[in-house]
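Some notes on the structure that comes next.
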Amino acid sequence: MKDDKMKIEQRLQNMKKFYVKAGDMIDNLPDAIPEKTRRMLKDTILGDKDLKKLMEGIESHRPPRIFLIGRTGVGKSSLVNALCGSYVAKVSDTVSCTENANIYQCKDGDRVLMDILDTRGIAESESLDNKVSAEDALIKDINEFTPDVAILMLNCTHRDDVSSDVQFLKKLARQYAEINSIKLPIVVVINKCDEMAPTRYKTPSEYPQNKIEKINEVVQYYKGIIVRNGLKIENIISVSALIDWMTPDGMEIDVEDIANLPQYDIDNLQIAFDGRYRIEELLDILEEAILDFEAQMGLRMAARLTEVVRRIANHLNNIFAGISATIALTPIPVSDIYILLILQAVLVSLIASLSGRDISIDTAKEFIFSMGGIAGTGFAFRLIAQQASKFLNAVWPGSGSAVSSAIAGGGTAAIGKAAMSYYIDDKTMDEVKKKFEESKEESASNK
Ligand SMILES: Nc1nc2c(ncn2[C@@H]2O[C@H](COP(=O)(O)OP(=O)(O)O)[C@@H](O)[C@H]2O)c(=O)[nH]1
Ligand SMILES: [Mg+2]
C-alpha cells in the first residue's frame with residue numbers, strides 16, 4: 001500500500017514516457033520482424049484512440065476541488081483519507097476563509113491530490129443573527145473556490161434535522177449556476193454505516209441483512225428531507241470511512257493521536273483495519289458527477305491509479321493479442337515463432353513500464369520462457385527460436401508445427417494477463433503461472 005503510494009509520481013512519469021518507449025521499442029525491433037508488422041504495431045498502438053484518451057488523462061489532470069459540508073465529527077477528514085486510501089495529511093496551512101470554512105490541500109509528497117474546502121455547515125453557526133451574513137460570506141468563499149463537486153456529509157447513526165444545510169446548499173447551487181453557467185453537482189454521503197446496529201459487524205462484506213436494512217431506512221429518511229426541500233442532487237449513498245491506522249512498526253493508533261506521532265510515522269502510516277464500505281461506489285458517483293475532464297482524471301489519479309494502470313494494460317493486451325492473431329492469419333511456421341515471442345516481449349515490457357518498472361526485452365523474454373517452465377538464461381534468441389516446437393509445446397500444447405491465428409492471439413493475451421498479475425498486482429511467480437494456465441484454458445475453450 002505504502003509502496004504504492006510512494007510510487008505515484010514515478011509511476012505517472014513512467015506512464016507519460018510510455019508512448020516514447022513504445023515507439024523506440026518498435027523502431028529497435030530485430031530486422032527479422034517484417035516492415036509490415038512494424039508499421040502495424042506502430043499504427044495500432046500509437047494511433048489508438050482509447051489509449052490516447054487515457055494518456056491524455058495522465059498528461060492533463062489537476063487536483064479535483066471538493067467542497068465538503070457537514071457537522072463536526074461526521075467524518076469529513078476521514079472521508080478524504082478513505083477516498084485516497086492513505087493517510088493524506090493536510091500539508092498546506094489551512095486558509096481560513098470565514099470562521100466556518102477552511103481550504104487545504106491533500107498531498108502525497110509534493111503532489112497535490114485534492115483541494116478541499118471544509119465547512120461545518122450552517123447549522124453550527126453560533127447565533128441566528130450571524131447566520132444570514134455568515135451564509136452570504138460562505139457562499140462567496142465557495143464561489144471563489146469553484147468546487148467541481150459538493151459533498152454533503154450526514155451521520156447514519158442519528159437522524160439529524162439537516163434542513164438548514166439543505167436550504168443553504170439550494171441557495172448556493174442557484175448562485176453557483178448563475179455565476180459559473182454550469183451546475184454545481186451535489187452528492188450526499190451518509191457516513192458511519194458501520195456504527196449502525198448490530199455494531200459488532202465492522203467488516204463490510206459481513207454486514208448482516210438487518211444492518212443493511214437499517215442503513216437503507218436512514219437513507220430514505222434523509223432523501224425525504226432533501227426532496228421536500230427541493231434540492232437537486234446527483235446521488236445519495238451510504239458509506240463507512242472507517243480505517244484504523246498503525247505505525248510502520250505495527251502500533252495501532254487513535255486518529256486523535258496521529259498528530260502527536262513522529263513525522264516519519266505520520267508519513268508512513270499503514271492501514272491496520274479497512275472498514276471502508278461502498279467507497280469504490282462513491283468514487284464512481286463522484287467521477288460521474290464531476291463535469292470537468294481534467295478534474296475527473298485528477299480524482300482517478302489520486303484514488304485509482306492502479307485501476308488506470310490496469311485499464312491501459314488491458315487495452316494494450318487486447319491490441320497485442322489482435323496483432324498476434326492478425327500476423328498468424330497465415331499460420332506462422334515454427335521457425336518464425338520468434339516474431340510472436342518478440343511481440344509478446346514488447347507487451348510484457350510495456351506492461352512492466354506501466355507498473356513503474358523498467359525492464360529490458362531480454363528480461364521480458366525470461367518472463368515468457370518461465371511461463372512455459374523453460375529457463376531462457378543464456379540462450380540466444382535464435383536458438384530459442386530453433387527450439388520453438390519444444391517451447392510451444394510447453395506453453396501451448398497442441399500448437400503443432402505452425403501457429404494458428406487463434407493460438408497466437410490467445411497465447412499473447414495469456415502472456416499479457418500473466419505479466420499484469422506479476423508486475424501490476426504483485427503476485428508471486430507461482431500464482432502468476434496458475435493465472436497463465438487459467439487464461440490459456442479460457443482461450444482454448446473460446447476457440
Ligand atoms: N466508526 C466510524 N468512525 C468514523 C467514521 N468516519 C469518521 N469516524 C471517526 O469520527 C471522528 C471524526 O472524524 P473526522 O473525520 O475528524 O470528522 P470531521 O470533523 O467531519 O472532519 C474520528 O474519530 C473518526 O475516526 C466511520 O465511517 N466510522
Ligand atoms: Mg475535519
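Some observations on this one:
- Going through (1) open to solvent by 20 Å² or more (accessible area, probe 1.4 Å); (2) in contact (Cβ under 8 Å) with a residue 60 or more places away in the chain one by one, ALA241 falls short only on (1).
This table checks each residue for (1) of a type in the set (D, E, K, R); (2) open to solvent by 50 Å² or more (accessible area, probe 1.4 Å).
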position	(1), (2)
ILE237	no, no
ASN260	no, yes
ASP265	yes, no
ARG276	yes, yes
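- Just so you know, in segment 266-281 the residues that are more than 13 Å from ligand 1 (Cβ to nearest atom) and over 13 Å from SER86 (Cα atoms) include one that is modelled with the highest pLDDT, and it is GLU281.
- Sole residue being open to solvent by 30 Å² or more (accessible area, probe 1.4 Å), modelled with pLDDT of 95 or more and closer than 22 Å to GLY230 by Cα, chosen from LYS202, LYS170: LYS170
- Selection status of GLY398, assigned to a loop (DSSP other than H, G, I, E, B), of a type outside the set (Lys, Arg), surrounded by 17 or more Cβ atoms within 10 Å (Cβ to Cβ) and at pLDDT below 85: no
- Here is the figure for segment 53-82: residues that are more than 10 Å from ligand 2 (Cβ to nearest atom) and either free of Cβ contacts under 8 Å to residues at least 24 places away in the same chain or open to solvent by 10 Å² or more (accessible area, probe 1.4 Å) (or both) total 12.
- Selection within segment 173-195: residues that are surrounded by fewer than 23 Cβ atoms within 10 Å (Cβ to Cβ) and aliphatic (A, V, I, L, M). The member of this set that is farthest from ILE66 (Cα to Cα) is ILE179.
- Here is the figure for segment 35-86: residues that are outside any loop (DSSP other than H, G, I, E, B) and under 30 Å from VAL346 (Cβ atoms) total 23.
- Residue in segment 42-51 that is over 27 Å from the mean Cα position of the chain (by Cα) and assigned by TED's automatic domain parsing to the domain that holds VAL346 present: yes
The values are calculated or read from the model by the stated rules, or taken from the named source; none is laboratory data. Since the model is a prediction, treat every value here as computed from it, not as a measurement. Note: ideal-geometry Cβ built from the backbone for every residue, glycine included; neighbour counts use all protein chains shown. When the accessible area is computed, the model is the full protein with side chains, heavy atoms only, and any ligands, DNA or RNA have been set aside. Shrake-Rupley method; radii C 1.70, N 1.55, O 1.52, S 1.80 Å.
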